[in-house]
Amino acid sequence: MTQDGELDALVRQRIKSLRTARGLSLEELAARCYLSTSTLSRIETGHRRISLDQLAPLARALGTTLDQLVESAADEDVVIRPVHDERRGATTWLLSRDSGPHGMTVAKMRLTKPASRETTELGVHPGKDWFMVLSGRVMLLLGERSIVVETGHAAQFSTMTPHAFGAHDGPAEILTLLDHDGQRTHLHE
């Protein structure tokens, strides 16, 4: 099968899958797109070519964009591999491959090194940080304050306040949202 043929088959599969996931019959979707039921059926089964003037209304009726409907199937690696930073005592899994809304990055981190005023340098950068403790406890050094954040609790703070965080009384895991500056500071320092 050619690459164009593979993409064509993928688009047809997406149309049918989205239609059934949304609980739409062939007749209902066809009516929303101003197509005959038989035309839609032939599009889904590959017995009719899909034209551009049919794709835009189909995407709209299916609650997706034309770009998402026709994007090629990437052969990208779907496994998220951890990156270990021995010096900082952190292992990071980047959960978002691309920056999300407003340039945010989602990451899971396992912290093993404690944060203490004697051994940890506090940093500043523009933006805000947010993290939720999934397991263990995290010591957040924020300006002159030392805050223990327990499992199930979250912290959000301006990163223009000198700050650092690390494990407290054993390893901890966090889910964190970082802006571009936070990503550079906390993940690539």
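Here are the numbers for this structure:
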item: Distant-in-sequence amide H partners of D129 (H built 1.01 Å from N, under 5 Å); result: F157, T159
item: Residue order, fewest to most beta carbons within 10 Å, for M109, M160, M104; result: M160, M104, M109
item: Dimensionless Rg over Rh [region 1-54; C-alpha; Kirkwood]; result: 0.97
item: 5 angstrom amide H check on G89, placed H, neighbours 5+ away; result: none
item: Relative contact order of the chain, pairs being alpha-carbon contacts under 8 Å that are 6 or more residues apart, as %; result: 18
item: Mean Cβ neighbour count within 10 Å, used as a protection proxy, ranking 17-27, 32-42 highest first; result: 32-42, 17-27
item: 10 Å-binned pair-distance histogram of the chain (Cα, whole percent); result: 9, 28, 18, 13, 17, 12, 3, 0
item: Antiparallel %, DSSP beta bridges [both residues in the chain], to 5; result: 95
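Taken together, the values in this text are just the output of simple stated rules run on the coordinates, not laboratory data. No experiment lies behind these values; they were computed from the predicted model shown. Positions of Cβ are generated from backbone atoms using ideal geometry, with glycine treated the same way; all protein chains shown enter the neighbour counts.
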